[in-house]
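Step one of this worksheet: look at the structure below.
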Amino acid sequence: MIGLITGATSGIGKSTAVLFAKNGYNLIITGRRADRLEALKKEIETTYRVNVLALCFDIRQQTETEAAIQSIPESFLPLDVLVNNAGLAAGLAPIQDGQLEHWERMIDTNVKGLLYITKAVMPFMIKAGKGHIINIGSIAGKEVYPNGNVYCATKHAVDALNKGMRMDLLAHGIKVSAVNPGMVETEFSVVRFDGDEARAKKVYEGMQPLNPDDVAETVYWVATRPAHVNINDIIIMPSVQAAATQVIRKS
Ligand code: NDP
Ligand code: 8X3
């Protein structure tokens, strides 16, 4: 089996890559940080004896993304699973105070980037008459919370694309699923707050968030259902979180 996981240099994508490799998948891992990609490739190949192809590119660049996918050698095709994981939040502010650069970065990565990679990968799956696309959405794609405005909009777009892809790819034998997590402690909040580690830490203060392995296990379970079963959509939350802004914290 062969899986392509975007955003494998950190967090959920990295945990997913390790878990798939542990279970014998050969992998294509992607991200922008070449050093981390190479380190992960080495770690996975040594530990799990599977083949790993590391593709370093920015998912926001359509031509780069297309070229990276076209460079995949025959030995890594056809792809069984694409995990559309690369994504981010930038900023957490009222819409009237939002920064254009933050908005564009989120839209370009979470929506356009996800589309670019999917567009490049789909022909291989269509040709093979099989495949599985697993989109990493968010609780922010199921509800909107104050100051979440544009991030929530991008994840609502992922939710819509997940449904639309499933309909359009049905006749081609391609499964489409989404895993939508609540709070997961990764580099997500550090990125959201432009590197402010102290502010990021506060997000998880007094509560137990999900860890990236919790989400990876769900992604792997979704990917390994029998051929006649598709999991359309899953929301996975920390036990102490009932909604985006409802969290029980210890003081
Ligand atoms: P991390 O910041 O730990 O990981 C994000 C990954 O996305 C990194 O590997 C990063 O790689 C990659 N990425 C970001 N921008 C680009 C880009 N332009 N081109 C290529 N790769 C990119 O965060 P998470 O693991 O938490 O996030 C993974 C996904 O999960 C995201 O889609 C996020 O929205 C979603 N999510 C996260 C939740 C959370 O609470 N953490 C909850 C719900 C959903 P690099 O920087 O090397 O390019
Ligand atoms: C990340 C979770 O609640 O910050 O998608 O939107 S949240």
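If a residue counts only when it is more than 16 Å from ligand 2 (Cβ to nearest atom), which helices (runs of 4 or more DSSP H) contained entirely in segment 91-206 have at least 3 such residues?
Of the helices (runs of 4 or more DSSP H) lying wholly inside segment 91-206, those with at least 3 residues that are more than 16 Å from ligand 2 (Cβ to nearest atom) span 100-106, 114-128, 149-169.
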When both residues are 6+ apart or on different chains and their Cβ atoms are under 6 Å apart, which pairs have a first residue that lies in segment 70-84 and is touching a residue at least 24 places away in the same chain (Cβ under 8 Å) and farther than 19 Å from Y116 by Cα, and a second that is surrounded by fewer than 22 Cβ atoms within 10 Å (Cβ to Cβ) and of a type in the set (V, I, T)?
F76/I2
Condition check for P226: in a loop (DSSP other than H, G, I, E, B) and open to solvent by less than 20 Å² (accessible area, probe 1.4 Å)
no
Meets criteria (buried (at least 18 other Cβ atoms within 10 Å of the Cβ), under 14 Å from G91 (Cβ atoms) and in contact (Cβ under 8 Å) with a residue 24 or more places away in the chain) for Y151
yes
Looking at G13, G87, can you tell me which residue is open to solvent by 20 Å² or more (accessible area, probe 1.4 Å) and within 16 Å of the chain's Cα centre (by Cα)?
G87
Name the strands (runs of 3 or more DSSP E) wholly within segment 1-88 that hold at least 2 residues that are within 20 Å of A216 (Cα to Cα) and within 16 Å of ligand 2 (Cβ to nearest atom)?
81-84
Cβ-Cβ under 6 Å pairs, at least 6 apart or on other chains, segment 180-192 side over 17 Å from A93 (Cβ atoms) and of a type in the set (S, T, Y), far side more than 7 Å from ligand 2 (Cβ to nearest atom) and at pLDDT 95 or above
T186/G11; T186/P212
So if I check each of P209, P238, which one is within 28 Å of V81 (Cβ to Cβ), open to solvent by less than 40 Å² (accessible area, probe 1.4 Å) and in contact with a Leu (Cβ under 9 Å, 6 or more places away or on another chain)?
P238
How many residues, within segment 110-132, are within 14 Å of ligand 1 (Cβ to nearest atom) and touching a strand residue (DSSP E or B) at 6+ places or on another chain (Cβ under 6 Å)?
1
Residues satisfying the stated conditions in segment 182-212, i.e. closer than 16 Å to G7 by Cα and near ligand 1 (Cβ under 8 Å from one of its atoms)
V184, E185, T186, E187, F188, S189, V190, V191, P212
Meets criteria (among the small types (G, A, S), over 25 Å from Q241 (Cβ atoms) and surrounded by 18 or more Cβ atoms within 10 Å (Cβ to Cβ)) for A157
no
From the residues in segment 133-148 that are over 14 Å from the mean Cα position of the chain (by Cα) and within 13 Å of ligand 1 (Cβ to nearest atom), which one is surrounded by the most Cβ atoms within 10 Å (Cβ to Cβ)?
G148
Checking I117 against (1) within 13 Å of the chain's Cα centre (by Cα); (2) surrounded by fewer than 20 Cβ atoms within 10 Å (Cβ to Cβ), which test does it fail?
(2)
Is it the case, given these coordinates, that E64 is within 14 Å of ligand 1 (Cβ to nearest atom) and either aliphatic (A, V, I, L, M) or open to solvent by 50 Å² or more (accessible area, probe 1.4 Å) (or both)?
yes
Scanning segment 191-206 residue by residue, those open to solvent by less than 70 Å² (accessible area, probe 1.4 Å) and either of a type outside the set (G, A, S) or under 29 Å from R166 (Cα atoms) (or both) turn out to be V191, R192, F193, D196, V203, Y204
Can you name every residue in segment 34-68 that is more than 18 Å from L79 (Cβ to Cβ) and charged (D, E, K, R)?
D35, R36, E38, K42, E43, E45, R49, D58, R60, E64
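Within segment 156-166, identify whether any single residue is within 7 Å of ligand 1 (Cβ to nearest atom), touching a residue at least 40 places away in the same chain (Cβ under 8 Å) and closer than 20 Å to R105 by Cα, and answer yes or no.
Looking for residues that are within 7 Å of ligand 1 (Cβ to nearest atom), touching a residue at least 40 places away in the same chain (Cβ under 8 Å) and closer than 20 Å to R105 by Cα, one finds none in segment 156-166, hence no.
The values are calculated or read from the model by the stated rules, or taken from the named source; none is laboratory data. Here the structure is a predicted model, which means the values were calculated and not measured. For neighbour counting, all protein chains shown are included, and Cβ atoms are generated from backbone atoms with ideal geometry for every residue, glycine included. In case anyone asks, the SASA skips ligands and DNA or RNA and just uses the protein heavy atoms, side chains included. Shrake-Rupley method; radii C 1.70, N 1.55, O 1.52, S 1.80 Å.
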